[in-house]
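Read the structure below first, then the notes.
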Amino acid sequence: MMGRHELREQVFRLLFRVEFNTAQEMEEQIVLFAEDLPAEDTVRAASEKDTAYIVSRCSRIQDKIVEIDKIIDDNTEGWDTTRMGKVELTVLRLGVYEIMFDDDIPNSVAIDEAVGLAKQYGQENSGGFVNAILGKIVKTGESNS
């Protein structure tokens, strides 16, 4: 069974595929993604419950991408979602979703986790970029908590 951090990382990895696939292709991508998750007998194994959570969470984020992207665009100067790197955009989408639509995750945790993913998967200054945008979103009072 995966911990929250591992689950979030897997949601990020599946959500990243949205940028490269149509909605119809995402159905197949979900199947391929689930097949690639660590098996039950490994340390970071994904249970059926984990897989269902990852797919469901990614789907809920996808359903709100237009709204999430507008929030991102409204809180950036000189950038918009069409100009951002795919890693940064995906991390921001996940972070904005957690800040705006998930009451179970404190904003500080959502930001810390997003910054961590940006540092792990993005470029050298991705963490600071993500931190600044998510911090501004929280500061402007557009968050759930």
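The values are calculated or read from the model by the stated rules, or taken from the named source; none is laboratory data. All values derive from a computational prediction rather than experimental measurement. All Cβ positions, even for glycine, are placed from backbone atoms using ideal geometry, and neighbour counts span all protein chains on display. The area values use the complete protein model at the heavy-atom level, side chains included, leaving out ligands, DNA and RNA. Shrake-Rupley method; radii C 1.70, N 1.55, O 1.52, S 1.80 Å.
Using a 1.4 Å probe over the heavy atoms of the protein chains, calculate the carbon and sulfur portion of the accessible area of the chain as a whole percent.
Roughly 50 percent of what the probe reaches on the chain is carbon or sulfur.
Under a crude label model (7 Å from the Cα following the beta-carbon direction), how far is Asp80 from Lys49 in nanometres?
4.4
How many Å² of accessible area per residue for the chain, probe 1.4 Å?
Working: 7870 Å² over 145 residues.
It amounts to 54 Å² per residue over the chain.
To test your reading of the geometry: what angle, between 0 and 90 degrees and rounded to tens, separates the Cα axis of helix 4-16 from the longest principal axis of the chain?
Compared with the principal axis, the helix lies near 80 degrees.
Work out how much length Met1 to Asp102 would gain on full extension: take 0.36 nm times their residue separation and subtract the Cα-Cα distance, in nm to one decimal.
34.2 nm
If I fit a long axis through the Cα atoms of helix 107-121 and take the longest principal axis of the Cα atoms of the chain, what angle between them do I get, 0 to 90°, rounded to 10?
70
At 222 nm, what helix-only mean residue ellipticity would the chain give, in deg cm²/dmol to the nearest 500, using -39500 (n - 2.57) for each DSSP H run of four or more?
Here the helix-only value at 222 nm equals -22000 deg cm²/dmol.
What is the set of long-range amide H partners of Gly122 at a cut-off below 5 Å, with H atoms built 1.01 Å from backbone N?
none
In degrees from 0 to 90, rounded to the nearest 10, what is the angle of the helix 65-74 Cα long axis to the longest principal axis of the chain?
Roughly 30 degrees, rounded to the nearest 10.
Return the whole-Å distance between the Cα centroid of segment 1-20 and the Cα centroid of segment 104-142.
Distance between centres, Cα-based: 16 Å.
Please build a GNM for the chain, connecting alpha carbons under 10 Å apart, and tell me which residue among Arg57, Arg83, Arg93 fluctuates the most.
Arg83
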